[in-house]
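What follows is a structure written as structure tokens; I'll ask about it next.
Since every read-out is calculated from the coordinates, none of them should be taken as a lab result. What you see is a predicted model; the values in this text were computed from it and never measured. Because the Cβ atoms are built from the backbone with ideal geometry, glycine has one as well, and the counts that use them run over all protein chains shown.
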Ligand code: UDP
Ligand code: MG
């Protein structure tokens, strides 16, 4: 390999939202994995695990505090309130970029196979700046999740987003990639779409997904919907263009309708066709409302972006990194 690397400092970033049930066993497995990777000489012994508490209402933060007190290699970051999975991952990565050579992000329930980490690190050693985790199958998901995921990835592709199908947020990023990511200042963040946009050298690792062992999914239907809308609106203005095209089409149809109506009026039979009128009112009304909604989404995004509000704010930081306490 032209640019193979020395073993580096790894920071594993874990977003946690109400994960008290999962965290106890997950943290043991993660610590084990970290030690094993250090022993095998794949990563530096200064590597750490970063838990980001996304404003949990249960005992998640207490567990993280205890883990921090008992383990040198644990870091805890805490949001004051729930800012969502994407912001939690981003915060963990942006904290880590100051101290590590690369990060791996993984969910707190460890549904994603942690034994794939060796493959991620191997790909990093070979000179890749980003390593995407792509799941092997969706067998562990219910019918609805499978269907919505397929629809989502198809839509994203139509919308010109360069996204890997079935790529999760299980991903390795080098310091270089993290620094590039930090230049993306938009508030409405969709990591799975933005990271391929950076365009650095990358590769893919396939991994297994297991059913969630403890607790239940923290991705509610509304959170999934928000993620999908964020993904689409942050990458493409195609929906607005489609609305525009729909408008032109409707006008064309309307034009022919006028000719048809005038003709019928003078030469034909003007039967009281209330059903067709009602139908067109509903269909057109629906199309108008939908179009307004799509435009509204974009106007709303614009409004949110122009305010330049911080994406998150750390309420508490537990860290032994030298500058950990005073970092913003
Ligand atoms: N999560 C988060 N904030 C949220 C929702 C979820 O940080 O608002 C975290 C959660 O703790 C987990 C990861 O995101 O570590 C993925 O969530 P989950 O496993 O519930 O999603 P699913 O696997 O069902 O898609
Ligand atoms: Mg999960």
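Taking only the alpha carbons of the stretch 129-179, what extent do you get along each of the three principal axes, in Å, biggest first?
The principal-axis extents, from largest down, are 38, 26, 13 Å.
I need the semi-axes of the equivalent ellipsoid of the stretch 1-54: take the C-alpha gyration tensor, multiply each eigenvalue by 5, square-root it, list largest first in whole angstrom.
26, 13, 8
Restricted to Cα positions, what overall size does the stretch 37-196 have along the principal axes? Three whole-Å values, descending.
47, 41, 35
Which peptide among 83-94, 138-149, 253-264, 114-125 comes first, and what is the full order, when sorted by highest mean count of other Cβ atoms within 10 Å?
Highest-to-lowest ranking by the protection proxy: 83-94, 114-125, 138-149, 253-264.
Just for the chain, what percent of DSSP beta bridges are antiparallel, to the closest 5?
Taking every DSSP beta bridge within the chain, about 35 percent pair in antiparallel fashion.
Could you list 16, 161 in order of exposure, starting from the residue whose Cβ has the fewest other Cβ atoms within 10 Å?
In increasing order of surrounding Cβ atoms, one gets 161, 16.
Next question. Under the rule a/c < 1.5 gives rounded, and otherwise a/b versus b/c splits prolate from oblate, where does the stretch 6-102 land using the Cα gyration tensor?
Oblate, since a/c reaches 1.5 and b/c is not below a/b.
If you fit an axis through the alpha-carbon atoms of helix 238-267 and take the longest principal axis of the Cα set of the chain, what angle between them do you get, 0 to 90°, nearest 10?
Its long axis makes an angle of about 10 degrees.
Against the longest alpha carbon principal axis of the chain, how many degrees, from 0 to 90 and to the nearest 10, is the axis of helix 143-158 turned?
80 degrees
A follow-up question, please. What's the angle, to the nearest 10 degrees (0 to 90), between helix 20-39's Cα axis and the longest principal axis of the chain?
Between the helix axis and the principal axis of the chain, the angle is about 60 degrees.
Taking the stretch 187-270 on its own, what percent of its Cα-Cα pair distances exceed 16 Å?
Percent of Cα pairs beyond 16 Å in the stretch 187-270: 76.
Now for a separate question. If you wrap a convex hull around the Cα atoms of the chain, how much volume per residue is inside, in Å³? It would help to have the intermediate numbers written out before the result.
On the way: hull volume 53.8 nm³, N = 328.
It is 164 Å³ per residue.
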